[in-house]
Amino acid sequence: MALITCRDLTFGYESHAILEHLSFQVNAGDYLCIVGENGSGKSTLMRTVLGLQKPMGGTIAFGDGLVENEIGYLPQQTAIQKDFPATVWEIVLSGCQAHMGRRAFYGRAEKALAAQNLERMGMTACRRRCYRELSGGQQQRVLLARALCATRKLLLMDEPVSGLDPRVTAEMYDLIEQLNRRDGVTIIMISHDIQAAVRYASHILHLGGAEVFFGNAEQYRNSDVGRRFDVAEGGVRA
Amino acid sequence: MIQTISQYFQFPFVRYALVVGTLIALCSSLLGVTLVLKRFSFIGDGLSHVAFGAMAIAGVLRITNDMLFVMPVTILCAVLLLRTGRNAKIKGDAAVAMISVGALAIGYLLLNLFSTSSNLSGDVCSTLFGSTSILTLTQAEVWLCAVLSVLVVALFIFFYNRIFAVTFDEDFARAVGTRVEAYNLLIAVVIAVIIVLAMNLVGSLLISALIIFPALSAMRVFRSFLSVTVCSAALSVACALAGMLIAIVGGTPVGSTIVAVDILVFFVFCGIEQFR
């Protein structure tokens with residue numbers, strides 16, 4: 001069974017549906033990129049899958065032993081976080097909040113998990129530093145380490161490279177690819193960068209009003225939608 | 001001066017005032033960081049006005065221990081404000097403004113219409129600015145304040161990690177299954193309790209200062225959530241003690257003296273930040 005199966009999903013804000021009757025599924029080990037213009041419902045879809053808002057129709061089924069709260073989430077940064085007084089360690093540890101159960105404080109197991117994920121992201125040296133003083137790329141690594149504390153299986157990321165310079169962006173993509181290939185973490189990522197999406201992802205979900213595409217990256221490159229967007233973006237970037 | 005202070009310590013009500021004032025200052029500073037960062041500070045301000053209105057009603061109804069009436073009303077309003085903040089047609093800040101200014105107006109109106117006191121403006125002034133109410137607490141009120149303060153501190157310590165998680169990133173917390181609504185509710189209720197307590201110390205208009213200044217000062221200098229929290233608690237207690245002693249010796253109003261000390265410390269910490 002697939003990790004996530006969305007069937008006939010309708011979602012939106014309040015009573016206004018952004019997209020209707022969307023069906024797709026994500027299998028263990030997939031790397032799915034969700035692309036599309038602003039306002040096409042990418043973030044809303046992600047929030048719906050995460051259970052932050054209720055679907056207006058259709059179903060989202062979790063399979064393959066995935067529990068709903070076993071999802072790691074890398075949200076877009078909020079204004080609050082930009083001047084939040086907290087150390088890297090405090091933030092990464094908060095990724096373990098679901099493991100606390102009824103306990104009030106983090107135990108040895110949670111601290112070990114946080115340390116391990118900090119190491120994985122190459123941020124151990126910064127553990128005592130203040131989050132707001134880090135560079136954009138370092139902040140994303142911290143949030144990624146936190147997300148990894150919450151999950152072993154599935155990461156949802158909302159534009160993880162937005163606002164990063166090209167070198168750091170490439171590093172971030174490599175890091176995510178490594179998590180997917182080497183550690184077998186399933187990735188669902190919202191991206192503006194269709195070029196990178198086609199290069200790294202195994203599957204593409206393209207949202208955009210009437211044009212909805214779901215399939216693997218190869219199929220996307222050869223589809224009408226994919227060709228148009230890929231060519232258009234390539235033209236701009238070349 | 002030490003002689004004057006030790007002379008004042010002979011009076012039990014002065015000792016009570018210092019103990020209760022310190023406890024109130026301690027718990028009011030704890031949620032300051034959360035309030036500032038979650039942009040909840042306006043709710044704190046709104047609730048303090050609600051508490052004033054409730055106090056006026058308690059006065060009209062001649063309820064002897066008015067805290068027992070003011071507390072539930074303020075908690076109820078905190079819950080309502082939090083709910084409307086999310087999804088109502090009237091936006092959160094507008095709802096707060098409506099309720100707070102409304103409560104202020106109705107409170108003063110009621111006091112005027114039904115007042116039994118010969119010194120109405122004195123009464124209103126002491127409710128708004130606290131002047132000396134911390135020195136006139138009855139023994140029952142002293143115990144109530146002490147028990148509630150300890151309860152607030154205990155709750156804060158027990159839920160410290162959750163409060164951090166919910167303050168730093170609500171969406172992430174919700175996505176991993178933390179009951180964010182429940183913790184927001186807890187935060188709102190605790191704020192309401194703190195406000196009613198702090199009313200005795202600094203009066204309803206100055207409560208926000210007591211909650212927010214220590215947190216803002218600590219945030220200038222410290223970089224971790226834990227150190228900011230500990231520092232703001234320590235600052236708040238120190239400022240409250242200093243303010244109360246100055247007020248007793250100098251005969252100045254307690255509330256505004258404490259807030260003045262808080263402001264002074266804030267600028268000192270801004271200076272420290274510059275020189276680091």
Check: Per residue of A:150-156, what is the mean number of Cβ atoms on other protein chains within 10 angstrom of that residue's Cβ?
Finding: 1
Notebook entry, point to check: With the radius of gyration and the Kirkwood radius both derived from the Cα set of chain B, what is their ratio Rg to Rh?
Noted result: 0.97
Next item on the list: Go ahead and set up a Gaussian network model of chain B, Cα springs under 10 Å, then flag whichever of B:Phe213, B:Phe172, B:Phe164 fluctuates most.
Entry: B:Phe172
Notebook entry, point to check: Can you tell me the Rg and Dmax of the stretch A:76-150, counting just the alpha carbons, in angstroms?
Noted result: 11.8, 35
Margin query: Looking at chain A as a GNM with Cα springs under 10 Å, which of A:Glu14, A:Glu119, A:Glu218 has the largest mean-square fluctuation?
Written below: A:Glu14
Notebook entry, point to check: Given the protein assembly as shown, what percent of its DSSP beta bridges are antiparallel, to the nearest 5?
Noted result: 50 percent
Check: In nm, to one decimal, how far is the A:Asn222 label point from the B:Val153 one, both placed 7 Å along Cα→Cβ?
Finding: 7.1 nm
Check: Given springs between every Cα pair under 10 Å in a Gaussian network model of chain B, which of B:Ile134, B:Ile63, B:Ile246 has the largest fluctuation?
Finding: B:Ile63
Margin query: I need the calculated FRET efficiency for the pair B:Val60 and B:Leu241, taking r as the beta carbon distance and R₀ as 45 Å, to the nearest 0.05.
Written below: 0.80
Check: Label points 7 Å out from Cα along the Cβ direction at A:Thr124 and B:Arg276: separation in nm?
Finding: 2.7 nm
Note to self: Within 10 Å of each Cβ in A:75-82, how many Cβ atoms from other chains are there, averaged over the peptide?
What the structure shows: 3
Notebook entry, point to check: Between B:Tyr160 and A:Asp8, what FRET efficiency follows from the Cβ-Cβ distance if R0 is 60 Å, with the result rounded to 0.05?
Noted result: 0.90
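With a cap of 13 neighbouring Cβ atoms within 10 Å, and only residues DSSP puts in a loop, list the chymotrypsin sites (Phe, Trp or Tyr not before Pro) found in the stretch A:42-111.
For chymotrypsin sites (Phe, Trp or Tyr not before Pro) across the stretch A:42-111 that sit outside H, G, I, E and B with at most 13 neighbouring Cβ atoms in 10 Å, the list reads A:Phe105.
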Checklist line | Pairwise label distance in nanometres, A:Arg199 with A:Glu70, each label 7 Å out on the Cα-Cβ vector | finding: 3.3 nm
Notebook entry, point to check: Rounded to the nearest 500 deg cm²/dmol, what is the calculated helix-only ellipticity per residue at 222 nm for the protein assembly as shown, with -39500 (n - 2.57) per DSSP H run of length n ≥ 4?
Noted result: -20000 deg cm²/dmol
Note to self: Based on alpha-carbon centroids, what's the gap between the stretch B:260-276 and the stretch B:178-223 in Å, whole number please?
What the structure shows: 20 Å
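Quick check: convex hull over the Cα atoms of the protein assembly as shown, volume per residue in Å³, rounded to an integer?
Roughly 170 Å³ of hull volume per residue.
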Notebook entry, point to check: If you rank B:Ser149, A:Ser15 by fewest surrounding Cβ atoms within 10 Å, what's the result?
Noted result: A:Ser15, B:Ser149
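Each reported figure results from applying straightforward, stated rules to the coordinates on display, with no laboratory input. Only a predicted model underlies this, so the values are computations on that prediction, with no experimental measurement involved. Cβ sites come from the backbone with ideal geometry, for glycine too, and all protein chains shown count toward neighbours.
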